[in-house]
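The numbers here are math on the coordinates, done by the rules we state, and not lab data. Here the structure is a predicted model, which means the values were calculated and not measured. Glycine also receives a Cβ, built like all others from the backbone with ideal geometry; neighbour counts cover every protein chain displayed.
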Amino acid sequence: MEASLVSLLHKMPKIEVHTHIGGSLRASTFRSLSVSKNISTSHLQFSDVSIQKGFEMFQVIAKLIDCCEVLHRITREII
């Protein structure tokens, strides 16, 4: 990337989007990433989620989004 572009990007205002990205994760992607990272999610369901289960899901999602490749995949799926 050109230095001028990097400089411009650093100067631009930023917004917090991590919650929206994590909250928009497709169920199939959630399951796929959980299996690939060997994280047990059998106790979590995407239907009829209580507040408590929702917080549990976000704890797992934080573990799933652990690299740029996963973030890129999820963002691409959302868009």
query = Within the stretch 56-63, can one find any residue that is without any contact (Cβ under 8 Å) to a residue 12 or more places away in the chain and under 11 Å from the mean Cα position of the chain (by Cα)?
reply = yes
Every residue from the stretch 27-48 that is in contact (Cβ under 8 Å) with a residue 24 or more places away in the chain and within 11 Å of Ile61 (Cα to Cα) = Thr29, Phe30, Leu33, Ser34, Ile39
